[in-house]
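Take a look at the structure set out below.
The values are calculated or read from the model by the stated rules, or taken from the named source; none is laboratory data. On a predicted model such as this, the values are computed, not experimentally measured, just so you know. Cβ sites come from the backbone with ideal geometry, for glycine too, and all protein chains shown count toward neighbours. Areas reflect the complete protein model, heavy atoms only, side chains present, ligands, DNA and RNA absent. Shrake-Rupley method; radii C 1.70, N 1.55, O 1.52, S 1.80 Å.
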Amino acid sequence: MKSPVALIFALFFIAGAYASFLADWLGFWTICGVGLGLSLVVPSVWRLGPKRWVYLLATIVAVLSFFYIKMRSPQPEVNDVSKYAPLSNVIVRGEVIDAPSLTRSERAKFLLAVKQINTSGKISPKPSNENSQVAIADAVSQDFVDASGKLYVTVPLIEVTGLRAGQMVQLSGRLYLPSRADNFGAFDFKAFLARQSVFAGLSGRSLIMQGDAPSFGEWWFVSRIVRAHVMGAGVPEGSLLSSLVLGSRAVDLPSTVKDEFIQAGLAAVLAASGFQVTLVLGAAIALSRGGNLKQQFALGSLSLLGYLLLTGASPSILRAVVMGFGSLIGLVVQRRSRPVVGLLVTAVLLLIYQPLWIWDLGFQFSFLATFGLITTSKAVTQRLQWLPPAIADLVSVPIAAYIWTLPLQLLMFGKIAPYSLLANVFTTPLVAVSTYGGIISGILGIVFVPLGAAIAWLLYPLLHWIVALAQWVNTLPNANTNVGAIALWQMFVAYGLFLAIWLVPWFGKMQRWTIAFTLACIILFVPNAIAQRSLFQVTLPAFNEVPIMVIQAENQTVLINSGDEQFASFTLQPFLQKSGINRIDWAIATDTQPDVSNGWNSLLSKSLTINQFRDINLGVTSKNYQNLQQSLTNANVPIASLKTGETLKISNQIEIQLLNQSPDIIKIAIGELSWLLLSNSDAKTQQLIINQKDLLPKLSANILWWTGGSIDPKILQAISPKIAIASASSVVEEMVNQLDESKVRVFWTGRDGAIQWSPDKDFYTLRDQSDSRSPI
């Protein structure tokens, strides 16, 4: 098959796979319409290219790809373990699928292939006749029923000592259904597990190993390699060395180190990918250079398969290994390979093997970076002729990869690391030497651990410099800049311009190339900057019974409460990131409780600037809150307390007034709407409010914002809201009925997810958006 034809078929297959997020008939007719249009237009323009029948046949390939992805989308089996969830106490038996790894909460996690389940959580007592082994087995087996499917399991770390993949275990704990994302821009845990055919989780309390652990396997090699690295270089340098060789998926690198590399734009350093595979394959070919081509192919194949076995079948590794085999075959048959066609054919093969990798970010970034190296690195090198050739080659590689991954990065994360290019340039030689040394250390460690440790000890200075460089980059001004998540059309237009620069000879001249690239940058960054300056929006994130509000208006950001540290780091921070918020103009704390205010310190450590901090005169404060006040003082943030009756005028459209203290009642004016926050609505507090006759007339507001409890009819009548919003997991049924009778629109975050308001869209919930999306 000729290269252009193979290229078109591969592209249409990938396009059909991406169209799988559309409804069946919409996707089918979209593919047919686009394919028919291209078959009519392209041959007329590209007269020397493939004929019209090629595009028509490629359209059929795209349709088959579309339905193939739909057919392979995971669905729970008839007796899937998820059918029994939720249960507070169950016992399950099954086989460990992958080696345990560490979560951020210092628990062990792994996937379990379920065989049996006991829904009572208890095992019947043994029969009185202890000699009757058959009776004992029958009594125990009656407690269990057959089940299937996979479980995402977390257990205390001590429980997994000596646990290996392939071992049978019995677990007791809480069976639950994974939660979908409750907040805009948050991680969708349910969809993440669904892509792995996992539809339930188990928070384990105890684990019993059944039978002997496997005595040998790939884990044996991995454990000796890691032991050699850590013994020689220590932690975190030794763990980093293992990650350079095997990838972070195969090694438990400390989360603090991972975060530092990610924030510095050096995440690719930790991911085993084409760079490591190239080193392994290059070393194998160099060692077999004296032999014939068949011997080189055999040694190269063994090296690739061995490395794949050690690191696990991640998308980036499989992509690199398949392309490595393509290079070996080209070496044997003495034919020049076509890397772009090879890359796309590799993508098709991997998607046939595992279709849902089409949505895997590792898969997408790996292919885009490799495509950039193939198509752009040479052009970049030519434009760096003023540098020595060796340095120009070194610089061109990260620049080419960065150009092609930037639009996807902005779409998914909405931030850039301005110093990442320089950081990658400086770390590349250190990483190359360390990776080569780590491979040698690992091989020697498999034979004799102390011998491998000696090599790792020699690599310690290089590894320490890599870690120190990542830490230093993160201390630079604006090391992480939130620019806001871009729209799909911006990404497509940017990639269209990049492809035009590569394919169209007209762009070959420097001046035209520069114009096209500048236009792509304008499309990526300018629309968001303009939109953010005119944005007027209120967001109420969903987090238990904690009232949290983000106000964006007139290029200012107001944040009321931060939630706890975990919520601030993994939910609130991504939202601010995707909204392009780098500065909180006004931070307001209504309570010192950990679940309300512990997140402020986390936000301060994420390169966010706080201009003004206000709280309610809270009297005795917790130690954590005192630490926060000290951190704010060290950051030169002005701190003050709101007094009863004081109005904080933030802008012409935003005012915040403390109506009462103990109980705290806050009134917020946003545009033409008035919001009343009752953060504490117990009966005793409400009686105090009712007793203050002069306070009741001041409660009138368009929107009641509270934490889901019952509200006395006298207070509700005084407020007279048109809309009621509960920042709560649930709302008292009596309260819902009372509001319905008063014809008040009711929202609550536990049901609706995060809630947004803007003048043009009115109220809009996360569920309005997510209910129309595929669970995958």
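Scanning the chain for long hydrophobic helices, with DSSP H runs required to stretch 15 angstrom or more by C-alpha along their axis and to average at least 1.6 on the Kyte-Doolittle scale, returns 3-18, 274-287, 315-333, 339-353, 488-503. When the surface is traced with a 1.4 Å probe over the full set of protein chains, residue 152 keeps roughly 40 Å² accessible. Of the peptides 59-70, 207-218, the ranking by mean beta-carbon count within 10 Å, highest at the top, reads 59-70, 207-218. Rolling a 1.4 Å probe over the protein heavy atoms gives the range 626-776 an accessible area of 50 Å² per residue.
Place a point 7 Å from Cα of residue 641 in the direction of its Cβ. Which residues in the range 679-722 have their backbone N less than 19 Å from it? Hits in the range 679-722 for residue 641 at 19 Å: 679-680.
Please go through the residue pairs 667/693; 109/150; 83/190; 643/667; 415/649 and name each one whose alpha carbons sit more than 19 Å apart in this structure. Before the final figure, lay out the partial values.
Values: 667/693 17 Å; 109/150 13 Å; 83/190 15 Å; 643/667 13 Å; 415/649 31 Å.
Pairs exceeding the cut-off: 415/649.
Toward the positive end of the charge dipole of the range 696-753, with +1 on the Cβ of Lys and Arg and -1 on the Cβ of Asp and Glu, the farthest Cα among 730, 709, 699 is that of 699.
In this Cβ point-charge picture (+1 for Lys and Arg, -1 for Asp and Glu), the chain has a dipole of about 2660 debye about its Cα centre. Only one of (1) 29.6, 97; (2) 34.8, 128; (3) 41.2, 157 was calculated from the structure for Rg and Dmax of the Cα atoms in Å, and its label is (1). The residue list 31, 67, 78 was ranked by how far each Cα lies along the charge dipole of the range 18-86 toward its positive end, using unit charges on Cβ atoms, and 31 comes out on top.
Charge dipole (Cα centre; +1 on Lys/Arg Cβ, -1 on Asp/Glu Cβ; no other charges) of the range 574-670 amounts to roughly 240 debye.
Keeping the other protein chains in place, figure out the carbon and sulfur percent of the accessible area of the range 412-565, with a 1.4 Å probe. The computed percentage sits at 75. Given their separation in residues at 0.36 nm each and the Cα-Cα distance between them, residue 213 and residue 447 gain 82.0 nm when the chain is fully extended. In the calculated pair distance distribution of the range 655-701, what percentage of Cα-Cα distances lie above 18 Å? Here the tail beyond 18 Å accounts for 24 percent of pairs. Under 20 Å from a label point set 7 Å out along the Cα-to-Cβ vector of residue 25, the amide N atoms of the range 42-72 belong to 63-64, 66-68, 70-71.
To put it simply, the accessible area of the range 667-747 at a 1.4 Å probe is 49 percent carbon and sulfur. Counting only protein heavy atoms and using a 1.4 Å probe, the accessible area of residue 733 comes to about 140 Å². Using a Förster distance of 22 Å, how high is the FRET efficiency between residue 488 and residue 113, based on the Cβ-Cβ distance and rounded to 0.05? Calculated value: 0.05. In this simple spin-label approximation, residue 161 and residue 41 carry label points 7 Å from Cα along the Cα→Cβ vector, and these lie 6.6 nm apart.
Fully extending the segment from residue 64 to residue 583, taken as 0.36 nm per residue of separation minus the present Cα-Cα distance, adds 182.0 nm. Here residue 5 sits with roughly 30 square angstrom of accessible surface, probe radius 1.4 Å. Please work out whether the range 275-422 counts as rounded, prolate or oblate from its C-alpha gyration tensor, where a ≥ b ≥ c are the square roots of the eigenvalues and a/c under 1.5 means rounded, while otherwise a/b larger than b/c means prolate and anything else oblate? Oblate. When both bridge partners sit in the chain, DSSP labels roughly 70% of those beta bridges antiparallel. Computed about its Cα centre, the charge dipole of the range 317-450 is approximately 320 debye, with only Lys, Arg, Asp and Glu carrying charge at their Cβ.
Computed over protein heavy atoms with a 1.4 Å probe, the accessible surface of the range 251-320 works out to 42 Å² per residue. Sorting 95, 734 by solvent-accessible area of protein heavy atoms yields 734, 95, largest first, with a 1.4 Å probe.
Give the residue from 563, 683, 430 lying farthest towards the positive end of the charge dipole for the chain; charges sit on Cβ (+1 for Lys and Arg, -1 for Asp and Glu) and the dipole is referred to the Cα centre. Value: 430.
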